[in-house]
Every structure is written in C-alpha cells, then in structure tokens.
C-alpha cells in the first residue's frame, strides 16, 4: 500500500510539549520536511533559544546547542565557522530574537553569516506568560500592558524583516504566516529557500513566521488564527524582502 | 493596625514596591522573578503608583536604565533572577561604584548552565563581590520587610550603595503565606522622601557621572566604596531597629534560633532555615542541643559578630546552596572560615555541606542527617570529611 502521509524523518516521533493550538508544532514539521527534502539530516546543526521552544532539541533529529537567551545567532556563527561545510540554523522567538538578542541577530546578519534563522513571531512573551514583547501590536493587551500597548508609553512594534533588509550582509529575508494551508505551504517554500541560500553559500537567511499564542492571547486556537489574520497581517506584511530571485 | 494578607513572595515584593512608589522601575521578565514587574506594571497601569515603568529589552538594559534613573536622582528599582542577574553583571559593578542606591529584588534561581529554572543561590552568590549589599529572606514576610528597609539602607548618605533583596525562587516567591503588611502611610513615613545629595542638572553642583578614573584616583574611590560597605553594617542595624519599633518584628545581621545552650549549629540562608528550624524543634524534643544561625546580611559580611557567635559551639555545619568550584567549599563556608581565622576562633569543628543545587529538594531528613553528623563529631572530636554534598547521587 502506498504511503500518502508520514512524519518527516528529521522530526522525532515524540509528543510535543506545546500548548493546544500553538503553531510551533507546524514550524517544527516544516523545518523537518525541508531537512528531509534537502537530504541534510546528519549535516545539520540547530541552535535552541530560551523561550517556549527551549527544549526543541528533543524534537529535531539533529545535534543541537542550547544558547543563552538571545545569543543563538552568535553561537550559530561559531558553529558555522568551525564547521563551514555543515548547515546551521537558529530557532528563535520574538523575545529571544527581537528583544534580548537584538544585537546578535543584527550583527550576524550584517556580517553575512551563512546561517539560517527561523524567527517565530507571536507578538507576546509566551514562556514567561504573556508580557509585552517588542513585536506586540499597538493596543494589544498583555500582562504588562493591561490597557493595551500605547505608543507613547511602550513604543512601537519592531519590524525585524524590514530592519534586517537594510543590511548588506543579508541574502534572503521573507515573512510568512501559518493561518491557512496556502500560507503554511508558502512558509515551507520560504524555509526551504532559506536553507538553500545557506547551502549555496550566499549569506544570511531568515524567515519570520507569524504565529499564534492562544494561551497568552486568551483565545481558543480558531479565534487565535482569526486574530492573527485580522490584527497581525495588517501590521506585519507578508512577502519577500530580499533574495526572491536569488539563484540557489 | 497591621494589615493581614495572604501573598506570594513575589506579590509581597511588588506590594512593598507599590507602597514605596519609586520613581522608575525598569525590568525584563525572567522566571521566577517575572511576577514582580508584572504585578507592578498593573499598579502603574491602574495609577496606583506614579512610577515610570520601562519594559526594556534585556536585563543589561534594565539595570542600565536604573543607573540612568538613579543618577538623575530618582528612587529606582528592578527585579531579576539567575541569568538575568548574570546579564546585569557589568552594570552591577557600575551601579555600586557610582554609589547609586538602586534596589534589586533577586528571586534566587540557579545560574545556567545547564538550563534550569529552579532555586539555588548560584546567581546572587556569584555577585557577592560586586559591591552590592545583599540581604537574604527566609519567607515572604522577611522578603517584604527587607524590601521596605532596603531603600533606607541604600539611600543613607554614609552608605549610598545598591541593595539586593534575595529570596528563594518558587519556594517563597510562588508560595502564598500569611503576611503582615505595614499601612501605606506608615511605609511612606518610614521610607521617606529620597533627596539625593548629587544628581544630574543640579545647577548648584554640576556633575559628571562615571567619568574615566585612572590610577591617580580610582584606588581612593574603591577605598571609599569599601568603607561605605563597612558603614552599611551599622546603618542596617539602625534601620532594623527603627523597623522593629514600627512593626515589632526584629531583624539583625543574622538570626540565632535555639542557640543559647546549643552545642552544634547549622548556618543556613533563606528558606531552608525554615526547614532547619523544624528539625531543630524535633531534635530539641529528643534532648539534643542543636541550634541554627541564619545569616540575613551576607554583604557586608558580619565578620566580628558571626565569629563571636560561632565561637560558642562545638561543631558547625555551614550550608551552601551554591558551588564555588574552588575545590575548597562553598562561598558561605569560605567567608565563615575566613572570619573565624581572622578573629582567632579555632574552637568549633567546621564542616561544609553543598545542598539543593538546581532546585534539588532539601527535606527535614537531610537536615537531620547533618545535625546527627555534627553530634557525632562532638562525640568523637574527629572530622572525617570537611567538604560534603547533601542529597546528590554520586
């Protein structure tokens, strides 16, 4: 009998610890499918962040290093420089990448490090239970902005792709979303291209993935998907910011 | 009338901060101290305090913002744990050397790696030489009380040093206990207005904060800082006495529990002291002469007072919830042996137990084992092993 559906080999067959409706599981699967399709399992190394996915080394079928909060791009830099023929990716949330680790991502990108960053943006600090993140939308309620984020008090949402696109060292930058099948497929294409860019030695690649956090948004999984579409998409425009036509 | 409440340790700290109403709080969430700024941000949003709350992007920036705010003359506070404190490291030294009376609620958590969110004292113990006053708290009440006293100590013109108020992550930070709160107006009177002598844009006294300070003056500034730490001991006692008059709750540099006729004692910080007191009661009921010393003030280290107190006992177990990795005992043990030697106290047999690392539970049985070891030492007069680990799989 023909197999029509199976787990990617690069994703270990273990239960994930994430909350119901959380999109990290989808992201894990997409990365794993890409690793399978590119045949790079065994030559790929991941860097885990601090945040909800701190222990994703349990899920990916590859060697991984746990970085300090925000330092994944610097750790990945070291790994890639020591093992220049291997594929290295970081997996980071918005607290890790866009707050405490802003310096590391900017400088890994501007140096043009040949690494791939998967950046999961759910507009909130998930692990510490729902505080305002730099990516939190204006008027979004969090535990530290109980009446909503106000620009004059809390500043504006940070647009990581747009910011990194100004840096010459970056080769491929794309923002995708996971709110429906079509977009999930687009997300996979972007992740695959980001890895291919690294394999081709073209420079730094990053895919920002708009994701949900039903637990801390206080919504059920369906409502969370709807909230993402209605609120995040207008602020974080999807699309390619760099490297769309790059030959890989 | 004191207000009876039920609060977690983090709520107690946040409540103290609310009553103090500082000018600036800058913080970044990290387990298990996250709730402190989170509760506090709600007070800010509700207009219960006048504080500028800054949700900065990292602990390095949190303490840097505190340095700026404190240099500007504001009463300034933050909270953190473990790697958050480690990320503040550079700025810890800046804050103390600039003599900025910043208050930091340290909710003790083991310092990575390996990554672990549970309690031990490796975070604050690592910062023990950073020039911060360190006060430890057994329970929620003490965390609250120490927080109320911290500003008074830090801002005293003869001290002007930052203060770290420590409590055990999860064990007290997340456990809800009965607590007596001081009325808002009394807190306000007790803490008082912060009127710094020097601050930015004082037309009468323009200043540069933290300028280059080479070998011509740097040593003198360090010497003054060291002197301030010495003076802090007296100030802590004065403030504690005043607090005692206000609340009836007595605090000193360390607490002695059942020590009057004790032959053996443990020396233990923070929440484990509560467990140890229970064990002391059990052993006392069996007629065993055991007691407890619980240091409250670790920086400045009460050398004279501890040496005098410990000289009365036959055997002492110093309990460290942190490893020094110096192959010669934990940080509390090292300081206590140094204190005893410098004061010529050679009577008590001393042993060291490293315990509870990475949140390993310490049960009454474990503490009882330590007391029994001490009693055996008093019987034989022999110490088989000075450096020991409690509750670890070897």
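The values are calculated or read from the model by the stated rules, or taken from the named source; none is laboratory data. The structure displayed is predicted, hence computed values, not measured ones. Virtual Cβ from ideal backbone geometry, glycine too; neighbours counted across all protein chains shown.
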Test set (1) at pLDDT below 95; (2) closer than 18 Å to residue A:95 by Cα - residue A:153 fails condition number:
(2)
Going through region A:40-61 in order, the residues found to be closer than 22 Å to residue B:116 by Cα, more than 14 Å from every other protein chain (Cβ to nearest Cβ) and assigned to a loop (DSSP other than H, G, I, E, B) are A:59
Residue B:139, sole failed condition from (1) away from chain A (no Cβ under 14 Å); (2) crowded, with 24+ Cβ neighbours inside 10 Å:
(2)
In region B:299-328, what residues are in contact with a helix residue (DSSP H, G or I) (Cβ under 9 Å, 6 or more places away or on another chain) and within 14 Å of residue B:357 (Cβ to Cβ)?
B:319, B:320, B:321, B:322, B:323, B:324
Residue by residue through region B:167-180, note down the ones that are part of a strand (DSSP E or B) and crowded, with 21+ Cβ neighbours inside 10 Å.
B:167, B:168, B:179
From the list B:69, B:48, B:95, which residue is assigned by TED's automatic domain parsing to the domain that holds residue B:225 and touching a strand residue (DSSP E or B) at 6+ places or on another chain (Cβ under 7 Å)?
B:69
Write out, first by first residue and then by second, each pair whose Cβ atoms fall under 8 Å of each other, whose residues are 6+ apart or on separate chains, and whose first residue, in region B:227-247, is farther than 12 Å from residue B:153 by Cα while the second is crowded, with 18+ Cβ neighbours inside 10 Å.
B:230/B:300; B:244/B:251; B:246/B:182; B:246/B:190; B:247/B:145; B:247/B:182
I want to confirm something. Restricting to region B:26-48 and keeping residues that are more than 11 Å from chain A (Cβ to nearest Cβ) and surrounded by 20 or more Cβ atoms within 10 Å (Cβ to Cβ), which single residue is nearest to residue B:102 (Cα to Cα)?
B:26
Is it true that residue A:216 is closer than 25 Å to residue A:29 by Cβ and within 14 Å of chain B (Cβ to nearest Cβ)?
yes
Conditions (1) at pLDDT 95 or above; (2) more than 19 Å from residue B:67 (Cβ to Cβ); (3) out of contact with any helix residue (DSSP H, G or I) (no Cβ under 6 Å at 6 or more places or on another chain) -> residue B:204 fails only (1)
I want to confirm something. Restricting to region A:62-90 and keeping residues that are more than 20 Å from residue A:164 (Cβ to Cβ) and within 12 Å of another protein chain (Cβ to nearest Cβ), which single residue is surrounded by the fewest Cβ atoms within 10 Å (Cβ to Cβ)?
A:65
Looking only at residues that are more than 9 Å from chain B (Cβ to nearest Cβ) and assigned to a strand (DSSP E or B) in region A:120-134, which one is nearest to residue A:236 (Cα to Cα)?
A:121
Expected single match for in contact with a strand residue (DSSP E or B) (Cβ under 9 Å, 6 or more places away or on another chain) and touching a residue at least 24 places away in the same chain (Cβ under 8 Å) among B:155, B:177 is B:177
Among the residues listed as B:86, B:79, the single one being under 17 Å from the mean Cα position of the chain (by Cα), modelled with pLDDT of 95 or more and either crowded, with 23+ Cβ neighbours inside 10 Å or farther than 25 Å from residue B:171 by Cα (or both)
B:79
Looking at region B:9-25, which of its residues are surrounded by fewer than 21 Cβ atoms within 10 Å (Cβ to Cβ), more than 14 Å from chain A (Cβ to nearest Cβ) and touching a strand residue (DSSP E or B) at 6+ places or on another chain (Cβ under 7 Å)?
B:23
Within region B:287-317, track down each residue that is farther than 19 Å from residue B:331 by Cα and in contact (Cβ under 8 Å) with a residue 60 or more places away in the chain.
B:288, B:290, B:314
Going residue by residue through region A:10-21, is there one that turns out to be more than 24 Å from residue A:222 (Cβ to Cβ), modelled with pLDDT of 95 or more and assigned to a helix (DSSP H, G or I)?
no
Does at least one position in region B:108-116 carry a residue that is modelled with pLDDT of 95 or more, buried (at least 24 other Cβ atoms within 10 Å of the Cβ) and either within 14 Å of chain A (Cβ to nearest Cβ) or part of a loop (DSSP other than H, G, I, E, B) (or both)?
yes
Inter-residue pairs, beta-carbon under 6 Å, first without any contact (Cβ under 8 Å) to a residue 24 or more places away in the chain and in region A:55-78, second part of a helix (DSSP H, G or I), 6+ apart:
A:64/A:57; A:65/A:75; A:67/A:75
Of the residues in region A:51-98, how many are within 23 Å of residue A:19 (Cα to Cα) and within 14 Å of the chain's Cα centre (by Cα)?
15
Name the single residue that is farthest from residue A:158 (Cα to Cα) among those in region A:99-119 being more than 14 Å from chain B (Cβ to nearest Cβ) and either more than 15 Å from the chain's Cα centre (by Cα) or at pLDDT below 95 (or both).
A:114
Residues in region A:167-187 that are loosely packed, with under 15 Cβ neighbours inside 10 Å and within 16 Å of residue A:27 (Cβ to Cβ) total 3
Restricting to region B:238-276, give me the number of residues that are more than 19 Å from residue B:310 (Cβ to Cβ) and part of a helix (DSSP H, G or I).
12
Which ones in region B:117-139 are more than 27 Å from residue B:23 (Cβ to Cβ) and part of a loop (DSSP other than H, G, I, E, B)?
B:117, B:118, B:119, B:120, B:121, B:128, B:129, B:138, B:139
Would you pick out the residues in region A:139-149 that are in contact with a helix residue (DSSP H, G or I) (Cβ under 6 Å, 6 or more places away or on another chain) and either without any contact (Cβ under 8 Å) to a residue 12 or more places away in the chain or under 15 Å from residue A:235 (Cβ atoms) (or both)?
A:146, A:147
Looking only at region A:143-166, count every residue that is farther than 30 Å from residue A:243 by Cβ, more than 9 Å from chain B (Cβ to nearest Cβ) and surrounded by 13 or more Cβ atoms within 10 Å (Cβ to Cβ) and tell me the total.
2
Mind checking which residues of region A:11-37 are surrounded by fewer than 24 Cβ atoms within 10 Å (Cβ to Cβ), over 18 Å from residue A:177 (Cα atoms) and in contact with a strand residue (DSSP E or B) (Cβ under 8 Å, 6 or more places away or on another chain)?
A:11, A:12
